[in-house]
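Okay, so here's the structure we're looking at.
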Amino acid sequence: QVQLVESGGGLVQPGGSLRLSCAGSGFTFSSYTMSWYRQAPGKERELVATIFSTGNTNYADSVKGRFTISRDNAKFTVYLQMNNLKPEDTSRYYCHATYSSSIKYWGQGTQVTVSS
């Protein structure tokens with residue numbers, strides 16, 4: 001059974017940092033492209049960052065220079081280090097794993113709230 005379990009969300013002040021983690025199980029983690037998405041109330045889900053099985057990464061323009069995605073295949077975990085957080089980063093963050101267009105998995109999400 002495939003599972004993606006996110007953790008690390010919470011309430012943080014503007015300018016602060018958080019590190020999200022997503023632990024995967026039930027699939028060949030190292031072969032999958034892993035991504036973080038986010039969705040705020042009333043808005044569409046948007047892609048935040050992606051890390052490929054090769055280690056290459058892509059970021060949304062809105063988070064470049066502030067967020068870093070990484071993976072530890074030995075721990076079956078992908079991370080999202082978020083620095084200099086802004087109120088507009090407030091969203092529910094979801095972990096996503098994909099191997100092909102027909103093989104995709106989602107986690108349940110973790111809430112990030114940036115507020116003073």
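The values are calculated or read from the model by the stated rules, or taken from the named source; none is laboratory data. All values reported here derive from a predicted model rather than from experimental measurement. Every residue, glycine among them, receives a Cβ derived from its backbone with ideal geometry; neighbour counts consider all protein chains shown. All accessible areas refer to the heavy atoms of the entire protein, side chains included, with ligands and DNA or RNA removed. Shrake-Rupley method; radii C 1.70, N 1.55, O 1.52, S 1.80 Å.
Listed by chain and number, the aspartates and glutamates whose C-alpha is less than 15 Å from the C-alpha of K64, apart from same-chain residues fewer than 8 away, are E46, E88, D89.
Each principal axis of the Cα cloud of segment 16-66 was taken in turn, and the coordinate range along them, longest first, works out to 33, 24, 22 Å.
Loop-located trypsin sites (Lys or Arg not before Pro) in segment 35-101 (DSSP state other than H, G, I, E, B) with a sparse environment of at most 12 neighbouring Cβ atoms within 10 Å: K43, K64. Given the options A97, A40, A74, state which has the largest fluctuation in a GNM of the chain using a 10 Å cut-off (strictly under) for Cα springs. Per the Cα network of the chain with a 10 Å cutoff, A74 tops the list. Per-residue Karplus couplings for segment 89-104, computed as 6.51 cos²θ - 1.76 cosθ + 1.60 with θ equal to phi - 60°, are listed in order as 7, 4, 5, 8, 9, 10, 8, 9, 10, 9, 10, 7, 5, 9, 10, 9 Hz, Gly and Pro entered as x. Partner aspartates and glutamates whose Cα lies under 19 Å from the Cα of K75, excluding those fewer than 8 positions away in the same chain, are identified as E6.
Ordered by solvent-accessible area of protein heavy atoms (1.4 Å probe), largest first, the residues D89, D72, D61 come out as D61, D72, D89. Calculated accessible area for the chain comes out at 53 Å² per residue, all protein chains present (probe 1.4 Å; ligands, DNA, RNA ignored). Within a Cβ distance under 12 Å of G15, other residues only, what is the Lys/Arg minus Asp/Glu net charge? Charge balance in the 12 Å sphere: +1.
Accessible surface of segment 43-83, 1.4 Å probe: 46 percent of it comes from carbon and sulfur atoms. Subtracting the Cα-Cα distance of S70 and N58 from 0.36 nm times their residue separation leaves 3.2 nm of extension gain. A simple rule links phi to the HN-Hα coupling: the Karplus curve 6.51 cos²θ - 1.76 cosθ + 1.60 with θ = phi - 60°, which for segment 61-72 gives 4, 5, 10, 4, x, 10, 10, 9, 9, 8, 9, 10 Hz, with x for Gly and Pro. Spatially, segment 97-116 and segment 28-74 are offset by 9 Å when compared through their Cα centroids.
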